[in-house]
Amino acid sequence: MIGSPFESLSLPAPVLSPAQAAAITSEHFGVTGELTELGSNQEANVLVQAPAGAVVLKVANPAFAAAELELQNAAMLHAAATRPPFALPHPLPALDGRTVVPVLLDGVPTHARLLTFVPGDLLVDRPVLAEPVLESFGRLVAQVGAALAGFEHPAAERVLQWDLRRVGEVVDALASHVGEAGRRHQVLALSEAAAERLAVVRDGLRQQVVHADLADYNVLTRRGADGRPEMSGVIDFGDVMRTWLVGDLATAVTAGLWRPERSALLDVVAVARGYHETVPLTEPEVQALWPLVVARAAVLAVSVEHQVAHDPANRVAAAERDRVWALVDRVAEVPPTLAEEALRLALGLAPGLAARRGSAWAARPIAIPLVDLPAPVVLDLAVTSPALVDGEWEDPGLVHRLAGGQPAVMRHGEPRLLDIAVDSVGEPDAVSLGTQVVLPPGTSVRTPGDLVLAAALEHGVRLADGEVDVLVRGVDPRDDLTEGDLLRSGEVLGQVGPPGILHVQVVAEPGLDSPARTTGSLAAAWLALCPDPSRLLGPTRVSAVHDPALQPAEHLLRRRDAVVAAVQEHYFRTPPRIERGWRHHLYDVGGRAYVDMVNNVAVLGHSHPGVADAAARQYRLLNTNSRFLYEAMVRLAERVVALLPEPLDSVFFVNSGSEAVDLALRLVRTATGRRDVVALRGGYHGWTTATDEVSTSLQDNPHAPGTRPPWVHLAAMPNTYRGEHRGPDAADRYADDVRARLAEMADQGRGPAAFLAEPLSGNAGGVELPPGYLAQVYAAVRSAGGLCIADEVQVGYGRLGTGFWGFAEHGVVPDVVTMAKAAGNGHPLGFVVTRREVAEAFGSQGSFFSSVGGSPVSSVVGLAVLDALERDGLQHNAALVGAHLSDRLRTLADRHPMIGAIHGHGLYQGVELVRDPETREPATHEAVAVCERLLDLGVLSQPAGDHSNVLKVKPPLCLTRRSADLFVDALDDTLSRGW
Ligand code: PMP
């Protein structure tokens, strides 16, 4: 359709030589400076570094009239006058006072303008945008619209292909350039469907002058403290025109669709949420938004094809073509009704038409059920289900086994454990939008009302009553049925086919193409369109939608905030609700599994059957305080002592790490008759009064260093990456620091009761002590009459891969060892082991007991942990997978300057993030945001260390290479594409 106004708008941008640019700026504007071409697809833009500041020379496409340029200038000035919270360019006058100056370019008349330069990083350069960033982008779009509100200009009614009011005309005019017939039909169908939806609401859409190209390539950002972009400016008012206000939002969101691992709809919803917070969308705008997104995608597609057709050698356009078609596909995947419902839910608006239809259906009586189901078994297949244990949900025959030969129903709206894939970067489709019934194959299925057979499905049918569709799968329909047949209520539809599972789903929009399952993020919107179908099965209602056990995380967090002390920590600002663990994965109730990289408590892996069985058996036999004589405690003590070198032969049982270290401090004090302790700066040893006093981890207590009591003597943390001493003599220098503390004490006539340290500084982020350090320190402390405590609470029990205990790597034998966490695989069990004379000296303090420390149940748990560690070869696995992780992480560090160091080894490591590899400035806020992105990608990690900038790597010891790879790949992706 040559001759359409849209054909002419793709004239090539004018080409300007540096000499021409210099001549225009100096002659007309009296400005000189270094020139840099900026590039644009419709004008020539040149950055001029003038002495008074940077400016941009814009030489317009000759197709633009002066009035259009005046319009742009006036729009910028209008917006600036509202003092908006973002920067924007403004026009500078030429020597003759004009802001639009006629110039001749190679004999062709056109116009030049000079604008102020707006500094910043383009949003488009950040391929991945986090939810809060998407929301802030939405707020910016709303703010730009607000800044232009009330602006009028005679040239504002322009004919541009980007005017979404004209989508039908534009696509019709340019679709012929789409060479591939399939693609052409796709884009025509999409634009037609969008136009149909828009027709209903178009008269109600607000119109005003808008920017009209608020895409990520026209938005400037500055780096936020957490490394995420913060919106700072808007440029390129070249498409300013009067059109639908909501069109601006549609254009903005369609630019990137920034998160390829999830539905495009979720990005759109996030941006719209930010917009709506600032400028509430009206009802017609909410209905129009998704059709406009589709329209914009269609226009982008035909435009790029038009460009490629005109200029086949244009490589940029060719590359853009792939991106645009991918975008079309992502948009086309989303049913518009779903999009509207998702927007309504996110914006807190009343349900849409289809959802209301669904609710109405749910209130209608059903005369004849699909099948006879007298009192069926209702299966609970959720993450919280007590019926699913020991990983048995991985068994494909599970459902039939649970049904036990009886008719059984599975719940609608349930995120099903068996559908949650582990080691998956994207969210699995785990939430069932229908219900399923286990029935003997051959069972007759009846028509539940007068319904038309709308379509045959694979092993099923789609029935319609004009209001809703009923999808029935797993049935072999009668041979004589054909599409369009009216089936009477109660008429036999067919028989349940093998393997004997009938799927029933109701969709509240005729013909709506709904999946059988969806992701947790899209579940609420889909469920609004797919009401509980269980009423088609008789009186039993089986929906998990309101199951309190599956309350979403936000709800639970509010409840927690109301009753749990605010200082009681939780991971993540908006944590997932984790209700199940299995091996090295954790599951949230919404239907997602995460690789657990932070759990040195669950050393064996989560929900270890050996531990669970031992505890359950013992609970039925005896559980009491530890002052009775029973074998399990003795056996556990024997096992522990056998794992330790001589002369460590006496065990005290407690419940936690804090108690163990607290008791260790009392032991050394009694044994030496002294009070003073040397501890490492930045260490953490517990929360009790005494262990808190020897803890100086800044992450746990930023005020710790200046507030320790006089008996605590702090020595430098021997961190050869970040500490004072980093060279080959670091071990000696750090040992000198301990010796200096001992000397200070001696000068004051005091002596140490003990030196307390982890053999690998877990709380500092997995920092390894330099070889030789611990041996020197132990020797010095002992010669000053002190004892040596190794706190193995974090790093012991085979985690380091090299030996069972961390101290063994240093060729030393401590006087006292403390252990907890892994000792009970999460069950409260801790112990202290020391030499007989130290233990006996403690007798002067009276007797010792911790009521349930080492109780019968705790002791059998402790034994089960040791058995499993041995039987499953977990120390060996820690060495193997740990080495693999180290290799991969070090390779990653070579590519990402943000990784300053990889600490630790085995399965206690730390990935230290820095802002600058030279200065090693800690990337503290970034680490929090990186962990949030990792969570999106299915990995759970948290920052550790004094600067909270070291990612914890301390997973259960059953971590597989595959999961280790998922973690490294997710980190690579995050550091490459942003967070
Ligand atoms: N010692 C060390 C080295 C620790 O890391 C911790 C806890 N993180 C403790 C002791 C205290 O253990 P708990 O939290 O079991 O009291």
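The values are calculated or read from the model by the stated rules, or taken from the named source; none is laboratory data. All figures in this text were calculated on a predicted structure; none of them were measured in a lab. Quick reminder, even Gly has a Cβ in these numbers, built from the backbone with ideal geometry, and neighbours come from all protein chains shown. Quick note on the areas: whole protein, heavy atoms, side chains included, nothing else; ligands and nucleic acids left out. Shrake-Rupley method; radii C 1.70, N 1.55, O 1.52, S 1.80 Å.
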> Toward the positive end of the charge dipole of the chain, about the Cα centre and with charges on Cβ (Lys, Arg +1; Asp, Glu -1), which of THR251, ALA408, ALA528 goes farthest?
Replying inline: ALA408
> If you line up the Cα atoms of the stretch 814-915 on their principal axes, what length do they span on each, largest first, in Å?
Replying inline: 59, 31, 21
>> On a full-extension model of 0.36 nm per residue, what is the gain between GLU467 and ASP965, subtracting their alpha-carbon distance, rounded to one decimal in nm?
In response: 174.4 nm
>> Treating only the Cα positions of the stretch 280-411 as identical point scatterers, give the base-10 log of I(q)/I(0) from the Debye formula at each q in 0.18 Å⁻¹.
In response: -1.00
> How much net charge surrounds ALA363 when only the other residues with a Cβ under 15 Å from the Cβ of ALA363 are counted, with Lys and Arg +1 and Asp and Glu -1?
Replying inline: +2
> Near LYS821, which lysines are there with a Cα under 20 Å away, not counting those fewer than 8 places off in the same chain?
Replying inline: LYS952, LYS954
> Among all helices in the chain defined by DSSP H, which have a length of 24 Å or more along the axis from Cα atoms plus a Kyte-Doolittle mean of at least -1.0?
Replying inline: 131-148, 181-201, 283-310, 315-332, 730-747, 874-895
>> Accessible area of the stretch 201-347 with a 1.4 Å probe: how many percent of it is carbon plus sulfur?
In response: 52 percent
> If the viscosity is 1.306 mPa s and the temperature 10 °C, what Stokes-Einstein diffusion coefficient in µm²/s follows for the chain when Rh is the Kirkwood radius over Cα pairs?
Replying inline: 49 µm²/s
> When every alpha-carbon pair in the stretch 700-846 is counted, what percent end up more than 22 Å apart?
Replying inline: 45 percent
> Just by accessible area at a 1.4 angstrom probe, what is the order of LEU457, LEU863, LEU880 from largest to smallest?
Replying inline: LEU880, LEU457, LEU863
> Do any GluC sites (Glu not before Pro) in the stretch 128-237 lie in a loop, going by DSSP, with at most 13 other beta-carbon atoms within 10 Å of their beta carbon, and if so which?
Replying inline: GLU152, GLU157, GLU180
>> Using the Kirkwood formula on the Cα atoms of the stretch 741-782, what hydrodynamic radius do you get, in angstrom to one decimal?
In response: 11.7 Å
>> Just to confirm my numbers, what's the Cα centroid distance between the stretch 162-180 and the stretch 593-630 in Å?
In response: 65 Å
> To the nearest 500 deg cm²/dmol, what mean residue ellipticity at 222 nm is calculated for the chain from DSSP H runs of n ≥ 4 alone, each contributing -39,500 (n - 2.57), summed and divided by the residues?
Replying inline: -11500 deg cm²/dmol
>> Taking R0 as 25 Å, what FRET efficiency do you get between HIS400 and ALA421 from their Cβ-Cβ distance, rounded to the nearest 0.05?
In response: 0.70
> Quick one: if the Förster radius is 60 Å, what FRET efficiency do ALA775 and ALA318 give, using the C-beta to C-beta distance and rounding to 0.05?
Replying inline: 0.40
>> Need one number for the stretch 337-483: average projected area of the convex hull over its C-alpha atoms, nm².
In response: 11.6 nm²
> Remind me, relative contact order of the chain in percent, using alpha carbon pairs under 8 angstrom and six or more residues apart?
Replying inline: 9 percent
>> P(r) for the stretch 54-176, please, calculated from all Cα pair distances in 10 Å bins and given in %.
In response: 11, 30, 36, 21, 3, 0
> Distance in nm between label sites at ARG895 and ARG560, each 7 Å beyond Cα in the beta-carbon direction?
Replying inline: 3.4 nm
>> Between HIS570 and LEU512, how high is the FRET efficiency from 1/(1 + (r/R0)^6) when r is the Cβ-Cβ distance and R₀ = 25 Å? Nearest 0.05.
In response: 0.05
> Binned at 10 Å from 0, what are the whole-percent values of the Cα-Cα distance distribution for the stretch 657-758, short to long?
Replying inline: 16, 46, 33, 6
> What area, in nm² and to one decimal, does the C-alpha convex hull of the stretch 199-344 cast on average over all directions?
Replying inline: 9.9 nm²
> To the nearest 10 Å², what's SER695's accessible area with a 1.4 Å probe?
Replying inline: 10 Å²
> How many percent of all Cα-Cα pairs in the stretch 551-687 sit more than 26 Å apart?
Replying inline: 50 percent
> What nm distance separates the two modelled labels at LEU77 and ARG675, each placed 7 Å from Cα along Cα→Cβ?
Replying inline: 7.8 nm
>> From the gyration tensor of the Cα coordinates in the stretch 5-100, what semi-axes in whole Å does the equivalent ellipsoid have, largest first, with each one equal to sqrt(5λ)?
In response: 21, 20, 13
>> Compute, for the chain, the length of the dipole vector about the Cα centre, with Cβ point charges of +1 (Lys, Arg) and -1 (Asp, Glu) only. Units Debye, rounded to 20.
In response: 2080 debye
>> I'd like to compare 400-412, 653-665: which one has the highest average count of other Cβ atoms within 10 Å, and what's the full order after that?
In response: 653-665, 400-412
> Local charge sum around CYS931 (other residues, Cβ-Cβ under 12 Å, Lys/Arg +1, Asp/Glu -1)?
Replying inline: -1
> Which value, in Å to one decimal place, does the Kirkwood hydrodynamic radius take for the stretch 468-565 when every pair of different Cα atoms is included?
Replying inline: 16.5 Å
> Counting only protein heavy atoms and using a 1.4 Å probe, what share of the accessible area of the stretch 445-534 belongs to carbon plus sulfur, as a whole percent?
Replying inline: 51 percent
> Any idea of the accessible area per residue across the chain, 1.4 Å probe, to the nearest Å²?
Replying inline: 39 Å²
>> Explain nothing, just the number: dipole magnitude of the stretch 70-197 about its Cα centre with +1 on each Lys and Arg Cβ and -1 on each Asp and Glu Cβ, in debye rounded to the nearest 20.
In response: 180 debye
>> Which of the three applies to the stretch 890-949, rounded, prolate or oblate, going by the alpha-carbon gyration tensor with a ≥ b ≥ c and a/c under 1.5 meaning rounded?
In response: rounded
